[in-house]
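To start, the structure under review is shown below, and the notes come after it.
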């Protein structure tokens, strides 16, 4: 029961983090459209790292 | 001209893929094979697991299964036993006992057991674990293994034809190699070079390209109606992650180990603590996140697609067969397109992070603290 709640909290945190990454990346692309490629790659990497954390929590919590 | 033709082909191919999967699903529904939420859950769980035979569909009217058997190769207490999985007659509840020279072999929930001496049938305890049978070492060519061999063959054919083209001196590849060349160059220029460095990337290109195309083709294969779920098997992704780990640990430079085990520029007291954290990060956490990411993404993708297809069963009572089927067809088509993106993205991410970790390990530090 508690592990499920913990996993839920971590997934909420991951969601907030992904939102931040996506939002900031969009902002920076809007500011510097010529750097869009680099920003996208960095965004995907950070997103993947975060996703790994959230999925890890999900698997361990289950 | 050629470009529009190939795009047309791609669109038709994708549509054919999605509609066929849905069609196969529908057939099961019409025959009332899967009807209740429990049965849907069981059906999805069965799809996500590996299996010992290649099952395409079941004709419920005649009760016939269509598909083909795969070889079962097990190491029992009496040595190696091999037979085709058709001898189990599609039984997965441990009811059919295969007798091989006195060794009684049963299959229960996709695991193969060897019955103990004197036992005639499998018996279970309260938690549904077999009590009178022992596990065997299973080397069978299961569906996943079959998928991996198929992918290996596809890669061998595709890339050897690409290599032959270059050997002949073609500067522009022909046929299917035209699809492969940009992907190879993409992996080289966008993944390997920026992360590992211009000097050292060549040594790791073999691994990175193999891993990229292996995951990519298997992910795409998982979206076809053949029902593969290879990259959704935790053993497969774990193995890939261990390969990456071994490669970056063994290609680590002196600088890498110095920075990992005895970090310069921090107080002496903190250095052992940092060493433990860094070692744990490189040996446990990084491979674990690699393997879990791929496994969970693909499993979740398959789960969502299957659940949306199951809508046509669970909503049939409320909305009628036509509306529920249309709804689930549109939704699963939409998710299928996203899954195509995910199939590429996960292959990209795995290769990207592998090269990032390798890059960390082979980096030369010029500045001294």
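Label sites at residue A:20 and residue B:87, each approximated as a point 7 angstrom past Cα along Cα to Cβ, lie 5.9 nm apart. Can you bin region B:260-369 into rounded, prolate or oblate? Criterion: square roots of the alpha carbon gyration tensor eigenvalues sorted a ≥ b ≥ c, rounded for a/c under 1.5, prolate for a/b above b/c, oblate for the rest. In terms of gyration-tensor shape, prolate. Just to confirm the number: angle between the C-alpha axis of helix B:286-314 and the first principal axis of chain B, 0 to 90 degrees, nearest 10? Roughly 30 degrees between the two axes. Highest GNM mean-square fluctuation, chain B, Cα pairs closer than 10 Å: which of B:310, B:241, B:275? Taking springs between Cα atoms under 10 Å, the residue moving most is B:275.
Give me the extension gain from residue B:35 to residue B:141: residue separation times 0.36 nm, minus the current Cα-Cα distance, reported in nm with one decimal. Don't skip to the end; give the middle numbers.
Details: separation 106, 0.36 × 106 = 38.16 nm, distance 3.16 nm.
Stretched out fully, the residue B:35 to residue B:141 stretch lengthens by 35.0 nm.
Suppose R0 equals 45 Å; then what is the FRET efficiency for residue B:253 and residue B:303 from their Cβ-Cβ distance, rounded to the nearest 0.05?
Efficiency, rounded to the nearest 0.05: 0.60.
For chain B, the 222 nm mean residue ellipticity estimated from helices alone, with every DSSP H stretch of n ≥ 4 adding -39500 (n - 2.57) and the total spread over all residues, rounds to -20000 deg cm²/dmol. Under 13 Å from the 7 Å Cα→Cβ point of residue B:199, by amide nitrogen: which residues of region B:238-267? Inside the label zone: B:253-255. For chain B, a Gaussian network of Cα nodes joined below 10 Å ranks B:267, B:173, B:194 by mean-square fluctuation, and the top entry is B:267.
Taking square-rooted eigenvalues a ≥ b ≥ c of the alpha carbon gyration tensor, is region B:167-226 rounded, prolate or oblate, where a/c under 1.5 means rounded and, failing that, a/b exceeding b/c means prolate? Cα axes put region B:167-226 in the oblate bin. Relative to the dominant Cα principal axis of chain B, helix B:316-362 is inclined by about 30°.
Quick check: from the Cα gyration tensor, does region B:144-362 come out rounded (a/c under 1.5), prolate or oblate?
Here region B:144-362 falls in the oblate category.
With the simple spin-label model, which puts each label point 7 Å out from Cα in the Cβ direction, the residue A:32 to residue B:274 separation comes to 2.9 nm. Relative to the longest principal axis of the Cα atoms of chain B, the long axis of helix B:2-30 makes an angle of roughly 40 degrees. Between residue A:40 and residue B:68, the distance separating the two model label sites (each 7 Å from Cα on the Cα→Cβ line) works out to 4.1 nm.
Be a star and scan region B:260-288 for residues whose amide nitrogen sits under 11 Å from the point 7 Å along the Cα-to-Cβ vector of residue B:364. Nothing falls inside the zone, counting backbone N under 11 Å.
The ranking of B:143, B:168 from fewest to most other beta carbons within 10 Å of each one's beta carbon is B:168, B:143.
Got a sec? How would A:34, B:339 order by Cβ neighbour count within 10 Å, fewest to most? Don't skip to the answer; put the middle values down first.
Details: A:34 7, B:339 21.
The fewest-first ordering by Cβ neighbours comes to A:34, B:339.
With springs only between Cα atoms under 10 Å, which of B:342, B:283, B:305 fluctuates most in a Gaussian network model of chain B? Evaluated over chain B, the most mobile residue of the options is B:283.
Rule-based calculations on the coordinates, nothing more; no lab input. Given the structure is predicted, the values throughout are model-derived calculations rather than measurements. For neighbour counting, all protein chains shown are included, and Cβ atoms are generated from backbone atoms with ideal geometry for every residue, glycine included.
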